[in-house]
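Notes to accompany the following structure.
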Amino acid sequence: MVTSNPIQTNSEQYLEYIGKHKLAFDIYEDLYPLKLFEDFVEVEAKKRGLFYILSNVDKDEIYPARFCLRFPSLEEAQLLYNPQQQLQTALNFFRQVESRPEVKLNYHHIQQFFGTISDFQGIVLMAVAIDARTVITESRLKLYIWLKNAPEKVETAIALCGDSPTLRAFLVNDQLQVGFDLFFNGESEIEVYPIISQDELQQFHIRDRIIPLLPPRALPLLQQCAVFQVGFSEANESNILYFDYVHDPNSFVDNLGNEMTKKIHAYYRHQPIKSLTVGIPEHNFYGRAIEHVKLYYDMN
């Protein structure tokens, strides 16, 4: 059948989202490596990849040039799922970015993790993200992986990140998200994120375990999300609390009382987002105000 309105592919839709976001937040067209990431999205999103728009608030500063593309998961791709190929695709993109002389990437943590494991079993998701800054050495690339029913890989990630009784307390199931940060100045960081569902949060033995470890001001927010995560990294000033798939994004953002976050969300109130995840450093809940916020908009 011939139609006058061609069907829009995922990549076209995602590139449109990036373009609108750049206009809304005055992001320079030549901000490196945005064009390379757009080219990456154009190719990889056609393979059923999923797209996220991210923004960071740091006191009075907004860092809006943050985007993420998630490869198809094991559940979505089934027999076609190939995490080894996805990793190679991600690293090929990283090497493209690294072709600029002033960009120096350190693959130390990625090499340590993937050099230790014997196979890719239990890696059920993988994603690539960029955080582009006007000062190029402050920019970074990020590789995310999700582990499920892979205890040896979980232990490898924890050993690289730094073990602690607090981290262990939040490991309530067989799932763990791992993030590898590669800064353009050659610094490398690793972060792990235990994942707790709302159903698990309702279980008394789990609540008894984790509630004493959380700031009292954060506890009401646990009821306002479908999934809760805590980010652990030796590079962070404090752990970061992530409230995934918040039930009412508008009210959640309004109640944080952070004006810069409201400015970002004012735009996304009128966009076709599927869900919102909000990350807040733990120490913010002990201060007078929430000054640092991470926003993750699911655009799928």
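The values are calculated or read from the model by the stated rules, or taken from the named source; none is laboratory data. Please read these numbers as outputs of a predicted model, since none were measured by experiment. Backbone-built Cβ (ideal geometry, glycine too); neighbour counts: all protein chains shown. To get the accessible areas, we keep the full protein, side chains included, count just its heavy atoms, and leave off ligands, DNA and RNA. Shrake-Rupley method; radii C 1.70, N 1.55, O 1.52, S 1.80 Å.
Condition check ((1) touching a strand residue (DSSP E or B) at 6+ places or on another chain (Cβ under 6 Å); (2) among the aliphatic types (A, V, I, L, M); (3) modelled with pLDDT under 95; (4) on the phi < 0 side of the Ramachandran plot) across all residues:
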residue: Lys22; (1), (2), (3), (4): no, no, no, yes
residue: Ile53; (1), (2), (3), (4): yes, yes, no, yes
residue: Ile62; (1), (2), (3), (4): no, yes, no, yes
residue: Leu87; (1), (2), (3), (4): no, yes, no, yes
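If I filter the range 47-64 for residues that are surrounded by fewer than 19 Cβ atoms within 10 Å (Cβ to Cβ), under 22 Å from Ile123 (Cα atoms), in contact with an Asp or Glu (Cβ under 9 Å, 6 or more places away or on another chain) and of a type outside the set (A, V, I, L, M, F, W, C), do I get at least one hit? Checked against the condition, which is being surrounded by fewer than 19 Cβ atoms within 10 Å (Cβ to Cβ), under 22 Å from Ile123 (Cα atoms), in contact with an Asp or Glu (Cβ under 9 Å, 6 or more places away or on another chain) and of a type outside the set (A, V, I, L, M, F, W, C), the range 47-64 yields at least one hit. Taking the range 158-178 as the range and being open to solvent by less than 50 Å² (accessible area, probe 1.4 Å), under 16 Å from Thr116 (Cβ atoms) and assigned to a helix (DSSP H, G or I) as the test, the residues that pass are Ile158, Leu160, Cys161.
Residue-wise test of (1) modelled with pLDDT of 95 or more; (2) out of contact with any Lys or Arg (no Cβ under 9 Å at 6 or more places or on another chain); (3) small (Gly, Ala, Ser).
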residue: Asp163; (1), (2), (3): yes, yes, no
residue: Phe183; (1), (2), (3): yes, no, no
residue: Leu201; (1), (2), (3): yes, no, no
residue: Ser233; (1), (2), (3): yes, yes, yes
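Of the residues making up the range 258-268, not a single one is of a type in the set (Val, Ile, Thr) and not in a helix (DSSP H, G or I). Residues considered: Lys35, Lys59, Lys46, Lys104. Of these, the only one that is over 29 Å from Ile240 (Cα atoms), of a type in the set (Lys, Arg) and in contact (Cβ under 8 Å) with a residue 24 or more places away in the chain is Lys46. Of all residues in the range 96-113, one or more are open to solvent by less than 90 Å² (accessible area, probe 1.4 Å), of a type in the set (S, T, N, Q) and in contact with a Gly (Cβ under 6 Å, 6 or more places away or on another chain). Applying the criterion of being part of a loop (DSSP other than H, G, I, E, B) and not small (Gly, Ala, Ser) to the residues of the range 221-241, the residue that is surrounded by the most Cβ atoms within 10 Å (Cβ to Cβ) is Asn239.
Would you mind stating whether Asp26 is among the charged types (D, E, K, R), assigned to a loop (DSSP other than H, G, I, E, B) and either touching a Cys at 6+ places or on another chain (Cβ under 7 Å) or modelled with pLDDT of 95 or more (or both)? Judged against the criteria, Asp26 is a match.
Looking at the range 179-200, is at least one residue touching a strand residue (DSSP E or B) at 6+ places or on another chain (Cβ under 9 Å) and over 30 Å from Thr116 (Cα atoms)? Steps first, answer last, please.
First pass over the range 179-200, keeping only residues touching a strand residue (DSSP E or B) at 6+ places or on another chain (Cβ under 9 Å): 179-198, 200.
Then drop every residue that is not over 30 Å from Thr116 (Cα atoms), which leaves 198, 200.
Checked the range 179-200: at least one residue is touching a strand residue (DSSP E or B) at 6+ places or on another chain (Cβ under 9 Å) and over 30 Å from Thr116 (Cα atoms).
Filtered by the rule that a residue be open to solvent by less than 40 Å² (accessible area, probe 1.4 Å) and assigned to a helix (DSSP H, G or I), the range 129-157 gives Ile136, Lys153, Val154, Thr156, Ala157. Residue pairs whose Cβ atoms lie under 7 Å apart, sitting 6 or more positions apart in sequence or on different chains, and linking a residue in the range 154-180 that is under 25 Å from Arg70 (Cα atoms) to a partner that is among the polar types (S, T, N, Q), are Thr156/Thr116; Leu160/Gln112; Cys161/Ser233; Asp174/Asn149; Gln177/Gln229. Among the residues of the range 205-220, some residue qualifies, meaning at least one is more than 22 Å from Tyr286 (Cα to Cα) and outside any strand (DSSP E or B).
Going by what's in this entry, would Tyr296 be described as surrounded by 15 or more Cβ atoms within 10 Å (Cβ to Cβ), assigned to a helix (DSSP H, G or I), at pLDDT 95 or above and not aliphatic (A, V, I, L, M)?
Values: surrounded by 15 or more Cβ atoms within 10 Å (Cβ to Cβ): yes; assigned to a helix (DSSP H, G or I): no; at pLDDT 95 or above: yes; not aliphatic (A, V, I, L, M): yes.
No, not satisfied.
Screening Ala90 on (1) assigned to a strand (DSSP E or B); (2) open to solvent by less than 20 Å² (accessible area, probe 1.4 Å) shows it passes everything except condition (1).
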